[in-house]
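Working notes for the structure below.
Computed from the coordinates by the stated procedures, all read-outs in this text should not be read as laboratory data. Quick caveat, the model's predicted, so the values are computed rather than measured. Here the Cβ is made from the backbone with ideal geometry for all residues, glycine too, and neighbour counts use every protein chain on show.
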Amino acid sequence: MKTKSFKLIMSIVAILLAISGSFATQAREKKSQAIVPGYIHVPPTYLCMQATVCTNIVNPVLCTATYQGVLYQAFIKLHPEDTYCSGIGYRILE
């Protein structure tokens, strides 16, 4: 009888240790600002011209830049080697 209860108690302890260990080792999500260059498309060529800094962390405020008195939406490059800038840039929130 002692062996059966000992085995039952040890299996319950092992399960509880496994469950508590899994919760203790989960990584927390970091909320850091990733600062990236912001580019605007200036007429008539609409090539990407670096004009500001943005973040790629999604938030409700789009990144903008003023060039020669005109306000443009700023975009980001999805990959640094890209020649075009099509990613949406967001304003850096403080």
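Looking only at region 47-62, filter to residues that are surrounded by fewer than 18 Cβ atoms within 10 Å (Cβ to Cβ) and polar (S, T, N, Q); which one of those is farthest from ALA34 (Cα to Cα)?
This residue is GLN50.
Just give me the residues in region 38-89 being in contact (Cβ under 8 Å) with a residue 40 or more places away in the chain and either basic (Lys, Arg) or assigned to a loop (DSSP other than H, G, I, E, B) (or both), in sequence order.
Listed by number, the residues that qualify are LYS77, CYS85, GLY89.
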